[in-house]
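Below is one structure; the comments refer to it alone.
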Amino acid sequence: MDVINLITTAEKVPTAPAGLSRRSFLTASAAAGGGLLLGLHLPTRAAAAGTVASDFQPNAFLRIDRAGAVTFIMPYVEMGQGTYTSIPMLIAEELEVRLDQVRLEHAPPDEKLYENPLLGLQVTGGSTSIRAAWTPMRQAGATARTMLIAAAAAAWRVPAAECRAAEGYVTHTSSGRRFAYGALADSAARLPVPEQVPLKDPKDFTLIGTSARRLDTPAKVNGSAVFGIDVQRPHMKVAALATCPVIGGRLADVDDAPALAVKGVRQVVRLDNAVAVIADHTGAARKGLAALKIEWQEGANAGFSTDEMIEEMDKASRQPGVISKEATHGDLDAALASAATRIEAVYQLPLLAHATMEPMNCTVDVRPDGCDVWTGTQVAGRARAVAAEICGLPADKVVLHNHLLGGGFGRRLEVDGVAQAVRIAKQVNGPVKVIWSREEDIQHDIYRPYYYDRVHAGLDADGKPLAWHHKVTGSSILARWAPPVFQNGLDPDAVEAAAGPYGFPASKVEYVRHEPPTGLTTGFWRGVGVTHNAFVVEGFMDELAAAAKRDPVTYRRDLLRDAPRARAVLDLAAEKAGWPGTAGPRSGLGVAVLFGFGTYLAQIAEVAVDDDGGVTVKRVVCAVDCGMTVNPDTVRAQIEGGIVFGLTAALYGNITFRNGRVEQANFDSYQALRIDETPQIDVHRIESSEAPGGIGEPSTACIGPAVVNAVFAATGKRLRTLPIDSASLKTA
């Protein structure tokens, strides 16, 4: 059975000494206890100062010990996407070991050593893990293999060309002599690191491109896998939490006597905007929380509502925006002036919560000389930094133990939960686990922004688009989350894919930044700009096809002449779905095409609408070209999961405010797609020799527009707002 061993190494790995460049770390050396260590090599502080430490502990991405065990320090986190299988496949392919020979260690926080090269910091997100790891991890494996072969060839005094590596052994092909990798590790560690090593030709891959079994599945099935919420520490207390229900509100007063009277309750902790009950176990903590008598200072947002927000966004959308130069070309005004037909529309998408399977949680132990944090985070470096800042400690005195994530979707790109847990733990003697209830999780999330978009197109006499104008209005996540990326008032994520993969003679994309009240924070949500822009672009594209009296697939195909990969996925999806189909009364097919995250994808949804306006999605056909595929099963699973996630949002997702409070609280009011509502999903993958694209988010972005376009085909009703309003689809 394939197994995966996850070892937290945060205590073992020193922080990078100041003044050392990234290039200076690239070395090979003997690992502690013997063996080959390859990758980013850090001396201890003592070594950097010119002294020799007896407990020298080097650091690397790849380590091979004398027993032949291959250990890979994983710079990305596993939150269900298959990273902990697919990335080891890259190493194992080039290193010539079996996948079950590779062990994993969680990378400790270190923004320089474990930087995601596509995003510039230590982060898992944006469908970048495979794209970022594709070349570096194969190079690491190939370099180690080359050095092991060289060590064996030197021992046998034969040319390296006469040796080959396979399944953890180097064999001399003519004599049959062989060494296990472990026997070669010490001697290989003394060799110079080759500057360039050849990577395998894809035709020679034996592991990449195969459907390998997920290495993390057995532990998740037998219960031995440890998520942040599973952490147990000696003498640990548990905290139940109540945060002010009004955004931006604060704690005014609390009568804690009733809570302290509950058996097992130890103390009540006050924060600026929240109160936590600390107890011996969860039951006592929640019972104590229910007994509290809390007074809130609601503040300026006590009257805030979703209707007010939409009204303000409508006003903002009428103002000039910042032009995205990347998506703007041609003379839009001239093209519109020459158009035979002009079409305008307003599209809106709601605030959305993440509702991850594992609610927010964090366990913290704060001491005068240090702090330990146990959690699951997509940004280990940021999590450690915020804990250090709150504790007033140097970063190297904070140890972050990162764990498997029970869903990320961008929620765990934020460190608000860690910050809150550390503030609570500072007032508690010993470790305390803070777990948000589902209600806290949904009502105090960092939401996908509300978007209010205006689109305008001009068509010639044949219905062909001459001009495309898309103005995006919404808050800027990047202005808060990555300020250097927010330049000249433009949020590049908010406008990504705002003109789709199509070729228009003239196009213009604008962005109007409009922020909600302080306290209502927006963030990433399994893709943001692409997920909202795909809905607008593909919905409006269907409107243009209808105005031109053209078939929606044919209309799109004609606009994709210069995008052959996009056209190929569209053609494949249409073929497999049997487009245009022979749907019955109040049934129809809808199509959407996307280029995002380096991946081309098309979906066709088949829906039926009953007389009460209820929408049933019966089948989804998805065609994808995501470049070279590491693990086809992971691609299929990611697409299926993304469709379910996106379909949940299209049918039900909506966070609304009244009197400054979120109206939704749990899955009864923030509904998730049930298993009996899940459609048949058919995934068809185009083989490609292009570099890998991302796969975690594209299918989430495409399903919403495919469904609303199918609803139009079934009913003739055009939907420009999500979630789907069933009342508007009722028969007379």
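The values are calculated or read from the model by the stated rules, or taken from the named source; none is laboratory data. All figures in this text were calculated on a predicted structure; none of them were measured in a lab. No Cβ is skipped: glycine too gets one built from the backbone with ideal geometry, and neighbour counts run over all protein chains shown. Ligands, DNA and RNA are excluded from the accessible area calculation, which covers all protein heavy atoms including side chains. Shrake-Rupley method; radii C 1.70, N 1.55, O 1.52, S 1.80 Å.
Using the Cα centre of the chain as the reference point, and only Cβ charges (+1 on K/R, -1 on D/E), how large is the resulting charge dipole? Debye, rounded to the nearest 20. Don't skip to the end; give the middle numbers.
Numbers: 73 positive and 81 negative charges, 272 e Å.
Approximately 1300 debye in magnitude.
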Completion exercise
For the pair Thr282 and Lys203, the simple spin-label estimate (label points 7 Å beyond Cα toward Cβ) gives in nm 5.6 nm
Completion exercise
For the range 319-386, using Cα atoms only, the Rg and Dmax in Å read 24.7, 74
Completion exercise
The answer for His514, listing residues at least 5 apart or on another chain whose modeled amide H is closer than 5 Å to its amide H, is Gly474, Ser475, Ser476
Problem - Sites Glu687 and Glu308, calculated FRET efficiency, Cβ-Cβ separation with R0 60 Å, nearest 0.05 - result: 0.70
Problem - Placed amide H near Ile681: partners under 5 Å, 5+ positions off or other chain - result: Val620
Handout entry: For the range 712-718, 3J(HN,Hα) per residue [Karplus equation, 6.51 cos²θ - 1.76 cosθ + 1.60, θ = phi - 60°, Hz, x = Gly/Pro]
Key = 4, 4, 7, 10, x, 9, 8
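Counting only C-alpha contacts under 8 Å and six or more residues apart, can you give the relative contact order of the range 578-663 as a whole percent? Please list the in-between numbers first.
Details: 85 pairs, mean separation 14.9, N = 86.
Reported relative contact order: 17 percent.
In nm, what is the difference between 0.36 nm times the number of residues separating Asp369 and Asp551 and their Cα-Cα distance?
Details: separation 182, 0.36 × 182 = 65.52 nm, distance 6.87 nm.
Separation in residues times 0.36 nm, less the Cα-Cα distance, equals 58.7 nm.
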Problem - Within straight-line cross-link reach of Lys112, aspartates and glutamates at Cα separation under 17 Å, skipping those fewer than 8 residues along the same chain - result: Asp396
Exercise for the section: Highest first, please rank the peptides 470-477, 459-466 by the mean number of other Cβ atoms sitting within 10 Å of their residues. Expected result: 470-477, 459-466
Practice task
From the P(r) of the range 168-261, can you give the percent of Cα pairs sitting at distances over 21 Å?
Solution key: 74 percent
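Among the trypsin sites (Lys or Arg not before Pro) in the range 613-683, which ones are in a DSSP loop with at most 12 other Cβ atoms within 10 Å of the Cβ? Mind listing them? Before the final figure, lay out the partial values.
Numbers: sites: Lys618, Arg619, Arg636, Arg658, Arg661, Arg674; in loops: Arg674.
Sites meeting the loop and neighbour criteria: Arg674.
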Handout entry: As computed over the range 60-185, the Cα convex hull volume per residue (Å³)
Key = 99 Å³
Exercise for the section: Report the FRET efficiency, 1/(1 + (r/R0)^6), for Arg438 and Lys263, where r is their Cβ-Cβ distance and R0 is 25 Å, rounded to 0.05. Expected result: 0.50
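Local charge sum around Leu560 (other residues, Cβ-Cβ under 10 Å, Lys/Arg +1, Asp/Glu -1)?
Working: positive: Arg556, Arg557, Arg561, Arg565, Arg567; negative: Asp558, Asp562, Asp571.
The answer is +2.
Using packing as a proxy for protection, rank 723-729, 371-377 so that the peptide with the highest average count of other Cβ atoms within 10 Å comes first. Walk me through the intermediate numbers first.
Details: 723-729: 15.6, 371-377: 26.4.
Ranking the peptides 723-729, 371-377 by packing returns 371-377, 723-729.
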Fill in the blank from the handout: Note to self: with every protein chain in place and a 1.4 Å probe, the chain gives an accessible area per residue in Å² of 40 Å²
Handout entry: Average silhouette area of the range 510-663, convex hull of alpha-carbon atoms, in square nanometres
Key = 12.4 nm²
Problem - Rg in Å to one decimal, and Dmax rounded to a whole Å, for the range 504-589 via C-alpha atoms - result: 17.2, 51
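Over 15 Å apart: what share of the alpha carbon pairs of the range 207-297 falls there, rounded to a whole percent?
Tail of P(r) above 15 Å: 66 percent of Cα pairs.
Would you kindly calculate the translational diffusion coefficient of the range 435-502, applying Stokes-Einstein with the Kirkwood radius from alpha carbon pairs, for 10 °C and a viscosity of 1.306 mPa s, and quote it in µm² s⁻¹ without decimals? Walk me through the numbers before you get to the answer.
Details: Rh = 15.0 Å.
Stokes-Einstein gives a translational diffusion coefficient of 106 µm²/s.
Let me know the volume per residue of the alpha-carbon convex hull for the range 397-449, in Å³. Walk me through the intermediate numbers first.
Numbers: hull volume 6.0 nm³, N = 53.
Per-residue hull volume (Cα only) is 114 Å³.
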Problem - Under-5 Å amide H pairs with Asp460, H placed in peptide plane, nonlocal only - result: Ala340, Leu466
Problem - Value of Rg to Rh for the range 577-677 (Rh from inverse mean 1/r over Cα pairs, i.e. Kirkwood) - result: 1.04
Handout entry: Sequence-separation-based contact order of the range 157-306, relative, with Cα cut under 8 Å and 6+ spacing, percent
Key = 18 percent
Completion exercise
Carbon/sulfur accessible area of the chain, % of total, 1.4 Å probe, equals 50 percent
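Report relative contact order for the chain in percent, whole number only (criteria: Cα-Cα under 8 Å, sequence separation at least 6). It would help to have the intermediate numbers written out before the result.
Values: 1701 pairs, mean separation 97.6, N = 732.
With pairs under 8 Å counted, the relative contact order is 13 percent.
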Completion exercise
In Å³ per residue, the alpha-carbon convex hull of the range 644-696 encloses 115 Å³
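Among Lys397/Lys426; Lys237/Lys263; Lys549/Lys730; Lys237/Lys426, which pairs are too far apart, with a Cα-Cα distance over 18 Å? If you can, show how the numbers build up before the last one.
Numbers: Lys397/Lys426 15 Å; Lys237/Lys263 14 Å; Lys549/Lys730 25 Å; Lys237/Lys426 13 Å.
Violating the 18 Å limit, Cα to Cα: Lys549/Lys730.
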Problem - Cα→Cβ-extended label distance, 7 Å offset, between Lys717 and Lys315, nm - result: 3.2 nm
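What does the helix-only formula give at 222 nm for the chain: each DSSP H stretch with n ≥ 4 adding -39500 (n - 2.57), the total divided by the residues, and the result rounded to the nearest 500 deg cm²/dmol?
Working: 18 runs with 203 residues, N = 732.
Calculated from helices alone, the mean residue ellipticity at 222 nm is -8500 deg cm²/dmol.
Around Thr648, with a cut-off of 12 angstrom between Cβ atoms, what is the net charge of the other residues, counting Lys and Arg +1 and Asp and Glu -1? It would help to have the intermediate numbers written out before the result.
On the way: positive: Arg526, Arg674; negative: Glu677.
Net local charge, Thr648 excluded: +1.
In what sequence, highest mean first, do 492-501, 691-700 appear when ranked by Cβ atoms within 10 angstrom? Before the final figure, lay out the partial values.
On the way: 492-501: 23.5, 691-700: 26.6.
Ranking, from highest mean packing down: 691-700, 492-501.
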Fill in the blank from the handout: Diffing the range 360-367: the Karplus 3J(HN,Hα) column from phi (6.51, -1.76, 1.60, θ = phi - 60°), in whole Hz with x for Gly and Pro, holds 4, 7, 6, 10, 9, 10, 9, 10
Exercise for the section: Mind jotting down the three principal axis lengths of the range 628-671 based on Cα atoms? Whole angstrom, largest first. Expected result: 50, 17, 15
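I need the fraction of alpha carbon pairs in the range 372-485 separated by more than 18 Å, rounded to a whole percent.
On the way: 4107 of 6441 pairs.
Cα-Cα pairs in the range 372-485 separated by more than 18 Å: 64 percent.
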Problem - Whole-Hz couplings from phi, Karplus 6.51/-1.76/1.60, listed for the range 321-338; x for Gly and Pro - result: x, 7, 8, 7, 5, 5, 10, 10, 7, x, 9, 5, 4, 5, 5, 5, 5, 8
